[in-house]
1. So how many residues does segment 244-263 have that are within 21 Å of residue 68 (Cα to Cα) and part of a helix (DSSP H, G or I)?
2. I'd like the residue in segment 264-275 that is under 25 Å from residue 222 (Cβ atoms) and part of a loop (DSSP other than H, G, I, E, B) and, out of all such residues, is modelled with the highest pLDDT.
3. If residue 131 passes every condition in (1) within 21 Å of the chain's Cα centre (by Cα); (2) touching a residue at least 40 places away in the same chain (Cβ under 8 Å); (3) part of a helix (DSSP H, G or I) but one, which one does it miss?
4. Which one is nearest to the chain's Cα centre (by Cα) among residues in segment 155-166 that are crowded, with 16+ Cβ neighbours inside 10 Å and outside any loop (DSSP other than H, G, I, E, B)?
5. Is it true that residue 224 is touching a strand residue (DSSP E or B) at 6+ places or on another chain (Cβ under 7 Å), in a helix (DSSP H, G or I) and closer than 28 Å to residue 49 by Cα?
6. Filter segment 92-127 down to the residues that are farther than 26 Å from residue 225 by Cβ and surrounded by fewer than 14 Cβ atoms within 10 Å (Cβ to Cβ), then identify the one that is modelled with the lowest pLDDT.
7. Which residue is surrounded by the most Cβ atoms within 10 Å (Cβ to Cβ), if the candidates are limited to segment 215-230 and must be in contact (Cβ under 8 Å) with a residue 40 or more places away in the chain and out of contact with any helix residue (DSSP H, G or I) (no Cβ under 6 Å at 6 or more places or on another chain)?
8. What number of residues in segment 42-73 are crowded, with 20+ Cβ neighbours inside 10 Å and either farther than 30 Å from residue 199 by Cα or out of contact with any helix residue (DSSP H, G or I) (no Cβ under 9 Å at 6 or more places or on another chain) (or both)?
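The values are calculated or read from the model by the stated rules, or taken from the named source; none is laboratory data. Just so it is clear, the structure is predicted and the values come from calculations on it, not from any experiment. Here the Cβ positions follow ideal geometry from the backbone for every residue, glycine too, while neighbour counts run over all protein chains shown.
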């Protein structure tokens, strides 16, 4: 009996999973975008608010990258010196993290996959990305105005920004260049108080900002891990008396900057001007 209940439970779980995977696809046939559109002032206000929010998230995402670039810059000159490299080797510090000598990773792995048939005008990849989100039906109506590549970018933005909503999808559709719309010949909606030139500028700025955000969001985890490795190594360097004496004698400027770097917070608190509680400053004695 227990075995039978287990089998039935697994079958029920599988059916639920399949339903979750197809629930968005099943609703697409009934998707219609509401007739309510942005007004000119609402478009401008929403655009400015979303741009500022995206800039703030970019600033937070690149904290690790900037700090790692600073460490790499300071470390670059000493590590070029043969005497310093020999000392590191003698002190079991020869294994320098790659990010500390080459800087943060800046290359994304290219994603490539064969095109798949659209589901009622929506990319299957988009449906799969959004399968675990509670997506308002009107979102898909806005998405299917775009070509598949733009749909995928829009879905990634909504997820990364936690903006899986009709208003954000509508903003993305409104600021999509005509070349990336399914029907580029269709007349664009005009907004009171917003000229065609101003709308084109908004489109370009929004696109560049979103590209930068997606780039930073995709590498944020990598930068954080690389920074952890670099700081742990730098900690070991600064705790080694022989290495500290060598730095104090031959590279005093770099030694001072290393100490300053270790006192810089690496989290979101680095963005604020409020005092941050840190560990007591360490003193490195030079004998």
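1. 13
2. 264
3. (3)
4. For segment 155-166, the residue satisfying everything is 160.
5. no
6. For segment 92-127, the residue satisfying everything is 113.
7. Among those residues, the one meeting the criterion is 219.
8. Final tally of qualifying residues: 6.
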